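We did not get these values from a lab; they are worked out from the coordinates using the rules stated. All values derive from a computational prediction rather than experimental measurement. Counting neighbours? That spans all protein chains shown, and the Cβs are built from the backbone with ideal geometry, glycine included.
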Amino acid sequence: MDLTTVKEICLTDIPGGDPCGEDPKYDTTYESIREEIAKMAGIGRGATDWEMVVRDSLQLLQNTAKEINLMIYLATGLAHTQGFSGLLLGVETANEFIHKYWDNMHPNLKKIKIRGRALDWLNERLVELRDQGKLDTKSREDLKQGIDLLDAFKNNIYERFDDPPSNFKALRNWMEEVLSQIPEPKPEPPPPPPAAESDESADTSEPKSAPSPQPAAKAPTPTTIEVAAPVVGEDASLGELMAALQPIAQQILAQAPKSSIGYQLLRQTIWAEAKLPNHQDNFETFIPAPADEIRDSLKSMFGKANWESLLQRSQDLALRFPLWMDLQFYAVTACQNLGESYGAAMRAIQFETHQLNERFPKLIQLKFDDGSPFASTQTRDWMGQLAQQIGGGGGSVDDPVAAMKSALMQRGTEAFAEALAEAQQAIATATCPRDAIRMRAEVAGYCLDAEQPQWAYATLHSLAQQVDYYHIDQFEPQLSARIWSLLVRCCRELKGETGPYQETERMAMARLTAVDVSLAGELRVAKNPFGD
């Protein structure tokens, strides 16, 4: 299909009298397109054939009807099949299509809500593609064009709706954030002045032959796997040099997954020029959050103790989400459970993560654009322990709580009974009440991860009494905050069950905000969660 004609086809009137043609909703091709789209929601068999959606939508827009849904399906299909360049073409075409055919296109203006829903749907699908990494680009020019097109599209939409359906803000903010992280190219040096040519040489001399090219250096014997690193000039910036090293780091990881070199080099390349992102008062940034599918897959690997896959996946995602600290927690946990042969790799990840945290102490407070944290409560606890171990602030690699937590992780959530039996042995041999309380808090978190909220509640209920008995709110607020946040989470999972969970949740929320109000951002609630 010749994509260069897409805009021309969409903006050319339907032949035969009415420029917008007839309503296509009873056309069999239109029904086929909608059946393909329905597969996105799990209706029908197989995956959506986006090539077919693009082809058939374009055919109907050319010969049958100027209809909003067809235009939106086409724009979405272009983004699916062509990536960022398809997004640009789709948004530009949709904007001009709406501008030209708004008054008479299908469905008619009496059904303006249908038009609004179509635009909302386009925004949602493009955000999904962004989250899946299918719109990634390193082109500053493309990103600038995308921002300008979205601005024009938004203005066009706002002129036509009293209550505009979408402003494409999340997509635009993402483009601005990506653009800010790509270094501007340095200007090309001016060409040297041409050598003056004498009249005598021009008139009487035969043209001199070009100098014979020097023989090319003999190519080195190829290794088993070659790495094609980007070419950088002598005046390359640090960012360009680090980008050139990233494929090398990835190849080292592929060939030597137990060596510390690849893990350390990868983190140095993505963090060398890292900057603390701009954020709002609530610590939300404009950085797009990882898709739910990504989070779920990581949790699944973690829960099933699939450590090799978890380690590899966390490295791959670090390039897309360099400031998502949960990935570092997952990577270190995987290395711990893969055994001593991964010890050097684990220590390299720990050291580089600690160095980043030292540079940006506020990093663990920041959030993605959907309000989810860069570092979960579990990750923040781990990074705090890391600061003590590496920074010399106390703590030890032989911490019995860390050892018990590692044992729980190694068991995975499927070996629930065995894991709790092992945890009980550790609690019974704890040398002080503080360690026993910390261990029981980890057991409660493990129960929640294993989808056993009733057992988590029983554990946390007794821990809440110990918080008061030992005045933990006052003397160790971080541990107290961990217990209260787990209790809030537990009560929410038990919502609808018979018991004092609503009242307990309110109490735990109050106690939590008294010791660490920032954690409230990780446990946001609906407008009226208690139904009063």
Open item on the list: For region 435-500 and region 84-110, what is the centre-to-centre distance using only Cα atoms, to the nearest Å?
Closed with: 53
Open item on the list: Longer than 21 Å from Cα to Cα, which of K25/K66; K113/K154; K39/K367; K25/K111; K66/K111 are they? Say none if no pair is.
Closed with: K39/K367
Task: Whole-Å semi-axes of region 314-468's equivalent ellipsoid (Cα gyration tensor) - done: 26, 18, 17
- [ ] Measure nothing but the geometry: give the 0 to 90° angle between the long axis through the Cα atoms of 260-271 and the longest principal axis through the Cα atoms of the chain, rounded to 10°.
- [x] 60
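When I72, I270 are ordered from fewest to most other Cβ atoms inside 10 Å of their Cβ, what list results?
Ranking I72, I270 by Cβ neighbours within 10 Å, fewest first, gives I270, I72.
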Task: Residues whose placed amide H lies under 5 Å from that of D516, excluding near-sequence neighbours - done: none
TODO: May I ask you to sort L119, L310, L276 by Cβ crowding, counting other Cβ atoms within 10 Å and putting the fewest first?
DONE: L276, L119, L310
TODO: Starting at the first residue of region 285-294, write each ³J(HN,Hα) from the Karplus equation 6.51 cos²θ - 1.76 cosθ + 1.60 with θ = phi - 60°, in whole Hz, x for Gly and Pro.
DONE: 9, 9, 6, x, 7, x, 5, 4, 4, 5
TODO: Consider all pairwise Cα distances in the chain and report the whole-number % of them above 46 Å.
DONE: 31
- [ ] Count the net charge of all other residues whose Cβ sits under 14 Å from the Cβ of E308, scoring Lys and Arg as +1 and Asp and Glu as -1.
- [x] +2
TODO: Before anything else, pin down the relative contact order of region 3-181: Cα pairs under 8 Å, at least 6 apart, normalised by residue count, whole percent.
DONE: 20
- [ ] Mind running the shape call on region 230-397? Use the C-alpha gyration tensor, a ≥ b ≥ c as the square roots of the eigenvalues: rounded below 1.5 for a/c, prolate if a/b tops b/c, oblate otherwise.
- [x] rounded
Task: region 438-518: GluC sites (Glu not before Pro) in DSSP coil with no more than 15 other Cβ atoms inside 10 Å - done: E451, E497
Task: Rounded to 10°, Cα long-axis angle of helix 140-160 versus longest principal axis of the chain - done: 90
- [ ] Would you mind listing how long region 298-389 runs along its three principal axes, going by Cα atoms, in whole Å with the largest first?
- [x] 33, 29, 22
Open item on the list: Please compute the modelled spin-label separation between F161 and A344, points set 7 Å along Cα→Cβ, answer in nm with one decimal.
Closed with: 5.7
TODO: Work through the residues other than T459 whose Cβ is under 12 Å from its Cβ and net out their charges, Lys, Arg +1 and Asp, Glu -1.
DONE: 0
Task: Long-range HN-HN contacts of H279 with modeled amide H, under 5 Å - done: none
- [ ] As a check on your grasp of the helix formula, calculate [θ] at 222 nm for the chain: sum -39500 (n - 2.57) over DSSP H runs of n ≥ 4, divide by the residue count, round to the nearest 500.
- [x] -19500 deg cm²/dmol
TODO: Find out how many positive minus negative residues lie around I114, taking Lys and Arg as positive, Asp and Glu as negative, among other residues whose Cβ is under 13 Å from that of I114.
DONE: +3
Open item on the list: Can you bin every Cα-Cα distance in region 3-181 into 10 Å intervals starting at zero and give me the percent of pairs per bin, rounded to whole numbers?
Closed with: 10, 39, 37, 13, 1, 0
- [ ] Scale the Cα Rg of region 411-532 by the rule-of-thumb value 2.2 N^0.38 Å and send over the ratio, two decimals.
- [x] 1.07
Task: Reachable aspartates and glutamates from K299, criterion Cα separation under 16 angstrom, eight or more residues apart if same chain - done: E308, D316, D326, E414, D449, E451
TODO: For H106, enumerate residues with amide H under 5 Å from its amide H, sequence gap 5+ or separate chain, H modeled in the peptide plane.
DONE: K66, E67, I68
Open item on the list: Using only the alpha-carbon atoms, how far is helix 433-449 inclined from the longest principal axis of the chain? Give it as 0 to 90 degrees, nearest 10.
Closed with: 40
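Based on other C-beta atoms within 10 Å, arrange H354, H80 from fewest to most. Present the calculation step by step, with values, prior to reporting the outcome.
Working: H354 17, H80 22.
Listing H354, H80 from fewest to most nearby Cβ atoms yields H354, H80.
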